[in-house]
Amino acid sequence: MPSLFFSSRYNDIFFSAVNPTLEKDYVFLKANQLSERLCSLKTQALTIAELGFGFGVNAALSFVAAQKVDRLSRLRYFSVDEAFPTPLEIARLSGLMRESCGMYTQLWNSIAIQREALSQNHIFSLLSKESSQLFQGDVIDFMDYLATQCINEISKVDIWYFDGFSPAKNPAMWSSTLFQSAFRLTKVGGTFSTYTAAGWVKRNLENAGFVVQKVKGFGTKRDMLVGKRPV
Ligand SMILES: C[S@@+](CC[C@H](N)C(=O)[O-])C[C@H]1O[C@@H](n2cnc3c(N)ncnc32)[C@H](O)[C@@H]1O
């Protein structure tokens, strides 16, 4: 069955059309122990950076996870995308968002209002939080912008979601230069996950300094990658 959530530009699907929330939860939230890490926060914040906002599924799930343990105000979320789905596509996905549907709708309504009011803008706040932003533009420019938001160890990234389509179809989202920038912006002990297990992506991550591990992928997928900044 062809997926409704398909990019003709990259010739790739956004996520499994059967159960996008379970897939994203497994590959990104659970793989980085998001709920446990949110629970163990004392006074500090936790920063997530995502490459590829897409439909905002990861963002909605992460905000719901933080809300559940009363840490919404402590979650900083930065993401980037060069393009947005259409209102029709956004509406189509809402039926598959299950318990995160309210958060998903709230996110997209607020982005729509900001786009209408500030047509020249390319940085949108997520959930009206100054510390959570969606950058519209290319990933390279986003990394420069992110550096201005991660100016010291405490404000660096705790968790990366690398979610930029298949590496074979979109190598620019998996380059060694990009991972070197990501590594510099990661806290010591900070982690990442991604659904891909491509050998050259693993090597680019390792060359940047991350310790990388192959683990079981979602559903029928054999492997995916997780990792950590050791020092
Ligand atoms: C698999 S989708 C992301 C799914 C998303 N994380 C979600 O939860 O819905 C990959 C996204 O990466 C974006 N993308 C691809 N190349 C990019 C680039 N060079 N700069 C910025 N965004 C890019 C695409 O527009 C697409 O929305």
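Only the coordinates and a few stated rules stand behind these numbers; no lab work does. Small disclaimer: the values here were computed from a predicted structure and weren't measured. As a convention, Cβ positions derive from the backbone with ideal geometry for all residues, glycine included, and neighbour counts pool all protein chains shown.
With charges only on Cβ, +1 for K and R and -1 for D and E, what is the dipole size of the chain about its Cα centre, in debye, rounded to 20?
Working: 25 positive and 20 negative charges, 152 e Å.
Here the size comes out at about 720 debye.
Ignoring aspartates and glutamates fewer than eight residues from LYS156 along the same chain, the ones with Cα atoms less than 18 angstrom from its Cα are GLU50, GLU130, ASP141, ASP144.
In the chain, helical runs assigned H by DSSP with n ≥ 4 each contribute -39500 (n - 2.57); averaged across all residues and rounded to the nearest 500, the mean residue ellipticity at 222 nm is -10000 deg cm²/dmol. For the chain, set up a GNM with springs between Cα atoms under 10 Å and report which of ASP163, ASP81, ASP144 has the largest fluctuation. Fluctuation is largest for ASP144. Each Lys or Arg adds one and each Asp or Glu takes one away; over the other residues whose Cβ falls under 12 Å from the Cβ of PHE124, this sums to -1. Along the charge dipole of the stretch 6-228, Cβ charges K/R +1 and D/E -1, which of LEU205, PRO171, ILE13 sits furthest on the positive end? Farthest towards the positive end: LEU205.
Pick out, in residue order, every one of the trypsin sites (Lys or Arg not before Pro) in the stretch 171-226 that is DSSP loop and has at most 12 other C-beta atoms within 10 Å; say none if there are none.
Numbers: sites: ARG184, LYS187, LYS202, ARG203, LYS214, LYS216, LYS221, ARG222; in loops: LYS221, ARG222.
Taking the stretch 171-226 and a limit of 12 other Cβ atoms within 10 Å, the loop trypsin sites (Lys or Arg not before Pro) found are ARG222.
Put simply, the amide H of ASP163, placed in the peptide plane, has neighbours under 5 Å in LEU51, leaving out anything fewer than 5 places away on its chain. Partner aspartates and glutamates whose Cα lies under 13 Å from the Cα of LYS216, excluding those fewer than 8 positions away in the same chain, are identified as GLU23.
Computed over Cα pairs, the Kirkwood radius of the chain leads via Stokes-Einstein (1.567 mPa s, 4 °C) to a diffusion coefficient of 73 µm² per second. The residues neighbouring PHE55, those whose beta-carbon lies less than 13 Å from its own, together hold a net charge of -3 under the Lys/Arg +1, Asp/Glu -1 convention. Taking the empirical scaling 2.2 N^0.38 Å for compact globular proteins as reference, the stretch 1-101 has a Cα radius of gyration ratio of 1.13.
Please give the net charge around SER73, taking every other residue with its beta carbon less than 12 angstrom from that of SER73, where Lys and Arg add +1 and Asp and Glu add -1. Don't skip to the end; give the middle numbers.
Details: positive: ARG71, ARG74, ARG76, LYS129; negative: ASP70, GLU130.
Result for the neighbourhood of SER73: +2.
Between LYS214 and GLN44, the simple label model (points 7 Å from Cα in the Cβ direction) yields a spacing of 3.3 nm.
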